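Working notes, beginning with the structure itself.
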Amino acid sequence: PLQKSPVQVLTIVTRKAGSLLIRWGGKMLAHFQAGHFSEPVADPFENCIIANTLINTITNHPEHKTSGELYWEVYRSVLLLLLARSAEDSTGGTVIWLPEAYTIKTQESLTERFPLKKSQEGVGIISEYCQLEIKRQGIGESSDVPCDQTDRKIIGRALLDVKRRMIEHTEFLSHLTRIDGAVLVSHRLKPLSFGAILAANTWHGKVVYDYR
């Protein structure tokens, strides 16, 4: 799941019998499921208000300032993995990703049945992975001395361990979507609650009707 943006090639994927997904690069061209054709759905990272909000929020993370675009690429891969894992369940799932400015306002419009008070942030694991990857790429590049293979092996093992923890954290989030209701996740990839029910506050403002 940890990779850069897909190259522009035609890809045909089948995950189960009767299902076929045809993509060009990162865009879906056609989707067949149980013998039925589905119209292409826009990728969540297409140029739209959702994508812009994601990018603007994540680029303001202190971890992004330290690790640069690698941080965004890994963060994006984690979100895609979360969407894929949640979609694999027959019941589907709802994940509400909250920028910092909307966290409190959104929680006021929800009934949080199962709040999580002491949950872990996912961005710390992502940042750890990025720092190890940058260190691995930098070994031997700026020195005339041959790189130490022992250091490479140590970093390689550490990367595998961090990647495992990252995938476990993402799959934990996806498992929460199996409970009826929505999973609230902060922009720091910290689960806030699950099984949440939309319960908007009563509108006390002016209502205007247009009978044209």
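At-a-glance table
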{"item": "Packing-based ranking, highest mean first, of 117-123, 150-156 given that Cβ atoms within 10 Å are counted", "result": "117-123, 150-156"}
{"item": "By accessible area with a 1.4 Å probe, ligands and nucleic acids excluded, highest first: order of Tyr211, Tyr129, Tyr71, Tyr102", "result": "Tyr211, Tyr102, Tyr129, Tyr71"}
{"item": "Order by protection proxy (mean Cβ within 10 Å, highest first), peptides 49-55, 179-185, 64-70", "result": "179-185, 64-70, 49-55"}
{"item": "Sites Phe37 and Val9 - FRET efficiency at Förster radius 22 Å, r taken between beta-carbons, to 0.05", "result": "0.45"}
{"item": "Cross-link table Lys117/Lys163; Lys65/Lys163; Lys135/Lys190; Lys16/Lys65; Lys65/Lys118; Lys117/Lys206, entries beyond 30 Å C-alpha to C-alpha", "result": "Lys16/Lys65; Lys117/Lys206"}
{"item": "Stretch gain in nm, segment Arg152-Leu29, where the contour uses 0.36 nm per residue and the Cα spacing is subtracted", "result": "40.2 nm"}
{"item": "Gain upon complete extension [Ile134, Glu88; 0.36 nm per residue less C-alpha separation]", "result": "13.3 nm"}
{"item": "Arg113 long-range amide H proximity, modeled H, under 5 Å", "result": "Ala196, Ile197"}
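The values are calculated or read from the model by the stated rules, or taken from the named source; none is laboratory data. Given the structure is predicted, the values throughout are model-derived calculations rather than measurements. Cβ: placed from backbone, ideal geometry, glycine included. Neighbour counts: every protein chain shown. Just the protein is used for accessible areas: all its heavy atoms, side chains included, with ligands, DNA and RNA removed. Shrake-Rupley method; radii C 1.70, N 1.55, O 1.52, S 1.80 Å.
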